[in-house]
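Here is the structure we will look at.
The values are calculated or read from the model by the stated rules, or taken from the named source; none is laboratory data. Fair warning: this is a prediction, and the values are worked out from it, not measured in the lab. Every residue, glycine among them, receives a Cβ derived from its backbone with ideal geometry; neighbour counts consider all protein chains shown.
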C-alpha cells in the first residue's frame with residue numbers, strides 16, 4: 001500500500017450515492033486507460049471504499065450492491081476509478097508535474113545524442129535548459145512515454161538531438177573477466193561474446209547511445225581501468241578501441 005500523502009481521491013457519484021477511493025495518481029490514470037497490469041493492493045492507500053475519504057465515512061452496503069453488485073473493495077476500487085473522476089489538488093498536480101519532468105529529462109538524456117558532435121550524449125543540464133527555452137511543459141496527466149515525441153519536436157529547433165542506439169565491444173582482461181562480464185552484460189543487449197584463450201572476455205553490447213558515459217564508467221569500475229573498448233560500426237566486428 002501507499003501512504004495517504006501519496007494518494008489522490010477517485011470519486012464516483014451514482015444512484016444518489018457517492019463513492020471515493022484513495023489511489024496512487026499514476027496508477028489511477030493507468031487504470032482509467034485500461035493499461036494497469038500491476039498489483040492493485042500495492043497502489044492504494046486503503047483497501048476500502050468511502051462515502052467521504054476525508055472523514056472516513058463509508059457508504060451503505062446496499063448502495064454498493066446497487067451500483068457495483070458487490071461489496072468487495074478490491075472489485076469496486078477499479079470501477080470507481082474507471083467510471084469516476086480523479087480529484088487532484090494543486091499541490092499534487094505540481095508534484096506530479098515535477099516528477100514527470102525529471103523522468104522525461106532522464107529518459108531523453110539516456111537515449112538521445114548530439115549528431116553534430118560525433119553522437120556524444122547530451123548532459124541533463126543542456127536538456128533542461130533547452131526544454132525551458134522551448135517553453136515545453138510536461139502534462140502531469142499523461143504518461144512520460146507519450147510525451148517524448150512532443151518533447152523532441154520542441155527540442156530540435158533548439159539543439160541538435162536524435163534518439164539512437166550504440167554498439168560497443170569491450171575486452172576484459174582475465175583478472176576481471178569473471179565478475180566484470182556479469183555486470184556488463186546486464187547493461188544492455190548482449191549481441192555477441194567470446195572467451196579468449198588467455199582467459200579474457202570480449203562482448204558486444206547494444207544500448208541507448210545517451211548512456212555511453214555510464215557504460216564507460218561501469219567498464220572502468222569493474223576492470224580497474226584496464227579494459228579496452230571500441231565503438232562497433234559493423235555488428236560482426238569484434239575489437240578494441
Restricting segment 169-189 to residues that are modelled with pLDDT of 95 or more and not in a helix (DSSP H, G or I), the residue that is farthest from the chain's Cα centre (by Cα): 173
Selected residue (only one of 97, 87 is closer than 19 Å to residue 5 by Cα and touching a residue at least 60 places away in the same chain (Cβ under 8 Å)): 87
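With 198, 217 as the choices, which residue is out of contact with any strand residue (DSSP E or B) (no Cβ under 9 Å at 6 or more places or on another chain), in contact (Cβ under 8 Å) with a residue 24 or more places away in the chain and surrounded by fewer than 14 Cβ atoms within 10 Å (Cβ to Cβ)?
Only one candidate passes the filter, namely 198.
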Within segment 170-190, considering residues that are under 25 Å from residue 106 (Cβ atoms) and in contact with a strand residue (DSSP E or B) (Cβ under 9 Å, 6 or more places away or on another chain), the one surrounded by the fewest Cβ atoms within 10 Å (Cβ to Cβ): 189
Looking only at segment 83-96, and only at residues there that are surrounded by 15 or more Cβ atoms within 10 Å (Cβ to Cβ) and in a helix (DSSP H, G or I), the one that is modelled with the lowest pLDDT: 92
Only one of 34, 24 that is surrounded by fewer than 18 Cβ atoms within 10 Å (Cβ to Cβ), touching a helix residue (DSSP H, G or I) at 6+ places or on another chain (Cβ under 8 Å), under 25 Å from residue 98 (Cα atoms) and free of Cβ contacts under 8 Å to residues at least 60 places away in the same chain: 34
Which numbered condition residue 113 misses (of (1) within 30 Å of residue 207 (Cβ to Cβ); (2) assigned by TED's automatic domain parsing to the domain that holds residue 125; (3) in a helix (DSSP H, G or I)): (3)
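Pick out the one residue from 130, 134, 112 that is crowded, with 16+ Cβ neighbours inside 10 Å and in contact (Cβ under 8 Å) with a residue 40 or more places away in the chain. Quick ask: steps written out before the conclusion?
On the way: 130 fails: in contact (Cβ under 8 Å) with a residue 40 or more places away in the chain; 134 fails: in contact (Cβ under 8 Å) with a residue 40 or more places away in the chain.
Within the list 130, 134, 112, the selection yields 112.
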Residue 140 more than 27 Å from residue 39 (Cβ to Cβ) and either at pLDDT below 95 or in contact with a helix residue (DSSP H, G or I) (Cβ under 9 Å, 6 or more places away or on another chain) (or both): no
Some residue of segment 152-167 being in the same structural domain as residue 115 (by TED's automatic domain parsing), touching a residue at least 40 places away in the same chain (Cβ under 8 Å), under 30 Å from residue 133 (Cα atoms) and in a helix (DSSP H, G or I): yes
